[in-house]
1. For the range 55-66, does any single residue satisfy the condition of being closer than 23 Å to Glu91 by Cα and at pLDDT below 90?
2. Residues that are part of a loop (DSSP other than H, G, I, E, B), at pLDDT below 90 and open to solvent by 10 Å² or more (accessible area, probe 1.4 Å): does the range 3-16 have at least one?
3. Could you tell me whether Ile51 is open to solvent by less than 40 Å² (accessible area, probe 1.4 Å), modelled with pLDDT of 90 or more and β-branched (Val, Ile, Thr)?
4. Give the residues of the range 79-93 that are in a helix (DSSP H, G or I) and open to solvent by less than 60 Å² (accessible area, probe 1.4 Å), sorted by residue number.
Amino acid sequence: MNKARTFLVVACTLMVAACGGSSTSINTSRLTDREKEWVEFSYAHEKNEDIKRTWEQLPAEGVKSYLDQQRPRLCGDTASLMQSLKEAGYEAGEMQEYKEKTAELIC
């Protein structure tokens with residue numbers, strides 16, 4: 001469950017960071033356009049408000065660093081990614097969409 005929560009925190013933070021002009025307050029200044037788009041997507045689909053707040057509190061370097069640390073897991077360990085999403089309450093269609101968006105934007 002810790003891995004799922006950690007993954008979701010990262011995903012939410014990155015999602016918010018991607019929304020440069022959105023109403024969220026995540027600092028995405030260190031991210032590429034594709035990374036920002038992924039953060040925006042991930043944040044919008046986050047189900048845990050605590051995770052959303054965590055993302056919002058990270059400085060730009062923290063958002064970038066966290067994405068860089070999680071990228072191997074997000075892009076290479078599909079089974080772990082899907083299990084984390086399942087444990088977080090995502091349904092099959094949501095999990096597939098998340099996996100595809102991740103592959104498209106940050107892998």
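1. yes
2. The answer is no, given that none of the residues of the range 3-16 is part of a loop (DSSP other than H, G, I, E, B), at pLDDT below 90 and open to solvent by 10 Å² or more (accessible area, probe 1.4 Å).
3. In short, no.
4. Ser80, Leu81, Met82, Ser84, Leu85, Gly93
The values are calculated or read from the model by the stated rules, or taken from the named source; none is laboratory data. Note that this is a predicted model, so its numbers are computed, not measured. Heads up: the accessible areas ignore ligands, DNA and RNA and are worked out on the full protein's heavy atoms, side chains in. Shrake-Rupley method; radii C 1.70, N 1.55, O 1.52, S 1.80 Å.
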